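Beneath this line is the structure, given in structure tokens, with notes to follow.
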Amino acid sequence: MSGIIAFLRRFYFFVLFVILEITSLAFVFTNNYYHQSGFFNSSNRISGTVYTAYSGVTSYFSLKKVNQQLAEENTHLLNLATDIKDTSNHKKIPKTNPFGQQFNFILAEVIDNSTNLPNNYLTLNAGSDIGIGEGMGVISPSGIVGVVAKVSPHYSVVMSLLHKKALVSAMFKKSGTFGTLAWGDKMDYRFATLTQIPMSEKVKIGDTISTSGFSNVFPKGVMVGTVDDFKSIPELYFYVVHVKLSTDFKNLRYVYVVSDLKKTEKTSLETDAENSLNEKVK
């Protein structure tokens, strides 16, 4: 008790100042709406900042789940793009095609990827057990990715567009003029080269390049990129067009494997026609 009395005697003026200050503030905030509002607004700002930070942290840890859900929804929309019933249920490719659907899209996640080699590949976490086969095209939400090279029951290896042997039939979206897209000229994961474009084509920087559909790999109109630069080859009467790819190969996560459900019918007819013509020539 004596210690408390000694403390009060020593710090009498300081203790009195604190008591008076608290009393004054109490009167101000109790009887003045303006100051009371300011106080609560400041409190709300502080608590709002804390809640925003907390929400940001929790959202970060749920991003993978959200991204996967969005990718699954995109797959469903791709399969319904022509208002035809989705026969795949995002899983196995149907053995029959009663609804006339030509392309089926299967969602897969990229689990390995390279971009700085002369020949680059990707590995997907999906394989033959859900209908993926060799020769199928692979696209991302932003553009083409590559072609399935090898499959096992649970995995697929994809020959990336960033591969010396990767060739894609691509066209100018505005005119339909097509050529062959290849990688390796600049050895840069952001660019590829489109050749065999006639000089009659009015090429402009920024023109959109998409797939032509002249193969059994990619549907027509899948985004490839935009014209970044071009030069003429007068002796061949062609342009060489440098294309900035729309797919960011450094940040691939979810992709769609494309199956042409009418591929067998088409290739069989083409083979029969070629054989028939060869027989007639003989």
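Each reported figure results from applying straightforward, stated rules to the coordinates on display, with no laboratory input. Bear in mind that the values here come from a model prediction, so they are computed numbers and not experimental data. FYI the Cβ positions are ideal-geometry reconstructions off the backbone, even for glycines, and counts take in every protein chain you see.
The set of residues in region 209-238 being among the β-branched types (V, I, T) and either surrounded by 15 or more Cβ atoms within 10 Å (Cβ to Cβ) or within 27 Å of E265 (Cα to Cα) (or both) consists of I209, T211, V217, V222, V224, T226, V227. For region 154-211, the strands (runs of 3 or more DSSP E) that sit wholly inside it and include 1 or more residues that are among the aliphatic types (A, V, I, L, M) and over 17 Å from V240 (Cβ atoms) are 156-163.
Just one residue in the set V224, V243 is under 18 Å from M136 (Cα atoms) and of a type in the set (A, V, I, L, M); that residue is V224. Residues that are under 22 Å from the mean Cα position of the chain (by Cα) and under 22 Å from D185 (Cβ atoms) within region 116-136 comprise N116, L117, N119, N120, Y121, L122, listed in sequence order.
Per-residue answers, yes or no, for (1) of a type in the set (V, I, T); (2) part of a strand (DSSP E or B); (3) within 18 Å of the chain's Cα centre (by Cα):
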site: S215; (1), (2), (3): no, no, no
site: P219; (1), (2), (3): no, no, yes
site: D228; (1), (2), (3): no, yes, no
site: E235; (1), (2), (3): no, no, no
site: S259; (1), (2), (3): no, yes, no
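Number of residues in region 144-154 that are without any contact (Cβ under 8 Å) to a residue 40 or more places away in the chain and more than 15 Å from G225 (Cα to Cα) equals 6.
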